[in-house]
Amino acid sequence: MLEGLFVTPAATAIREALAGCEGKLAVIGNAKLASALAEGREVVAVGIPARAAKSLPGTLDDLSSVADRSLAAVVAIDARDVDEWLRVVRDGGRLVLVDRGTGRGHAAGASTVALCAGLIEIEQRHIGRVVVTSGIVKHL
């Protein structure tokens, strides 16, 4: 039940972060968020439990089968494997990191991850304790 309270406001902030970003996106680790973002957009859920995967077509265990620079965006909960996510996002695409942390400084931590990943035009949106950090991927 608490998961549903998280998804709706976070999905709104993520849609704002994805404004103008056209094409297929991957949502890492959250089936409800993948479903919420699928309205009018092609979404592949990655790394979700098998039970949840039954209700979402085309789910993947990981991104290893996704071609380099083939996705418009990756939306991920709690940053872990940023290098792999950057690999699959095309130049000019978006990386959106959703942090549900409750500790002090989690917004600064998300900014650090985004900066170290080399994202440009970084933005943060705060929804209660949730921080949505987004940026544009620039491959050199």
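Tabulated data
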{"item": "The listed residue being of a type in the set (Asp, Glu) and at pLDDT below 85, out of ASP81, ASP91", "result": "ASP81"}
{"item": "Check on ARG41, within 17 Å of ALA10 (Cβ to Cβ), within 15 Å of the chain's Cα centre (by Cα) and either modelled with pLDDT under 90 or not acidic (Asp, Glu) (or both)", "result": "yes"}
{"item": "For ARG100: the one exception among (1) crowded, with 19+ Cβ neighbours inside 10 Å; (2) under 20 Å from ALA11 (Cβ atoms); (3) touching a residue at least 60 places away in the same chain (Cβ under 8 Å)", "result": "(1)"}
{"item": "Contacts under 9 angstrom Cβ, first residue in the stretch 121-140 being touching a residue at least 40 places away in the same chain (Cβ under 8 Å), partner polar (S, T, N, Q) and buried (at least 18 other Cβ atoms within 10 Å of the Cβ), 6 or more apart", "result": "GLU123/THR133; GLU123/SER134; ARG125/THR133; ARG125/SER134; VAL132/GLN124; SER134/GLN124"}
{"item": "Contacts under 8 angstrom Cβ, first residue in the stretch 69-88 being in contact (Cβ under 8 Å) with a residue 60 or more places away in the chain and part of a strand (DSSP E or B), partner among the small types (Gly, Ala, Ser) and surrounded by 22 or more Cβ atoms within 10 Å (Cβ to Cβ), 6 or more apart", "result": "VAL75/ALA26"}
{"item": "ILE48 being in a helix (DSSP H, G or I) and touching a residue at least 12 places away in the same chain (Cβ under 8 Å)", "result": "no"}
{"item": "Check on VAL7, under 23 Å from LYS138 (Cβ atoms) and within 14 Å of the chain's Cα centre (by Cα)", "result": "no"}
{"item": "Among (1) closer than 21 Å to CYS21 by Cα; (2) out of contact with any Lys or Arg (no Cβ under 6 Å at 6 or more places or on another chain) - the single one ASP68 does not satisfy", "result": "(2)"}
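The values are calculated or read from the model by the stated rules, or taken from the named source; none is laboratory data. Remember, predicted model here, so these are calculated numbers, not experimental data. Cβ atoms come from the backbone with ideal geometry, glycine included; neighbour counts cover every protein chain shown.
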